[in-house]
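What follows is one structure encoded as structure tokens, with my remarks underneath.
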Amino acid sequence: MKRLKYFLLSLGVLAVVTLFLSRNEGSWLERLRLFARIDWIEDRVPRISATPTSDPMTRTLVAGDDVNISADDLPQMEPAIAVNPTDPDNIVAVYFGITAEGEQRCSYAYTKDGGATWQGKVAYPDLPFTTSADPVVTVSRDGVFYISCLNLSLDLSAAFSVHRSTDGGETWSDIVLTGETSGNDFIDKQWTTIDNSGGTYDGRYYLAHMYVPDLNEQATQIEIRYSDDGVDFSPGIRVSDPENDMNQGVIPAVGGDGTVYAVWRKISIDSGANAIMFDKSTDGG
């Protein structure tokens, strides 16, 4: 059974093709109607009024011009954002897209004036991988930003890259790779969080992700790895139970007492039943 391996490879190729073709108006994507029609969706999605209410949690709506934070007008997607808790005018955003050289790479942009102006750069131009995706940015309580990205090649060798900035996004540390795979196994869909509790593991950086032990099988599992300095990472620690299921889409979080939480989706291979799973660690992962 090599269905999962071919499926993952097909997704990567489709993502690149989609990005290139979406640059042209009236592309074949529109003509093939790969996306549901808006008039079909609008009657099935509940509407939420944007009008501020008089309840204690009053919302303030601010209208203004949108700001393009990417370095060019090439296709970009999968954005994430984090705000410096020590300086709310300092924000870092990440995204990925096609570069001028035709590469699919993760990028970042930062602002120090509350979003009025941005500096944008390609984050990973020289890694030994052909494709980057799934960018995530996280910030510690003392204002240290971490960027993580999934990097892979057509042979499905892959690794997560991590680097950090202590000056609000202006400069970044050397890139560290973790979770490397050889092409027989695979990693995907990471998300990150930091312990800002002030407790025993304060400052610990957690990276949770899906892991495919065997690309010839359908079963996948959830793992988490951690680092206290953004350089040296623990091995992947299995979070999901050892069952023959597909687990994906993990999101980690750290509570005020330092407890690490994880939530993800599980799909039964036997029955197709879906469930949202939860687990926690009280000893730093």
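The values are calculated or read from the model by the stated rules, or taken from the named source; none is laboratory data. All of these numbers come straight from a predicted model, not from anything done at the bench. For neighbour counting, all protein chains shown are included, and Cβ atoms are generated from backbone atoms with ideal geometry for every residue, glycine included.
Side notes on the structure shown:
- Selection count where residues are aromatic (Phe, Trp, Tyr) and either assigned to a loop (DSSP other than H, G, I, E, B) or at pLDDT below 95 (or both), scope the range 192-231: 1
- Members of the range 140-189 that are β-branched (Val, Ile, Thr), under 13 Å from TYR110 (Cα atoms) and in a strand (DSSP E or B): ILE147
- The set of residues from the range 88-103 being aliphatic (A, V, I, L, M) and within 23 Å of VAL139 (Cβ to Cβ) comprises ILE91, VAL92, ALA93, VAL94.
- Tally, over the range 72-88, of residues that are surrounded by fewer than 18 Cβ atoms within 10 Å (Cβ to Cβ) and part of a loop (DSSP other than H, G, I, E, B): 8
- Qualifying residue in the range 233-240 (condition: without any contact (Cβ under 8 Å) to a residue 40 or more places away in the chain and either over 30 Å from ASP174 (Cα atoms) or not in a loop (DSSP other than H, G, I, E, B) (or both)): yes
- The range 89-128 holds strands (runs of 3 or more DSSP E) entirely within its bounds, and those carrying 3 or more residues that are within 20 Å of VAL176 (Cα to Cα) map to 91-98, 104-111.
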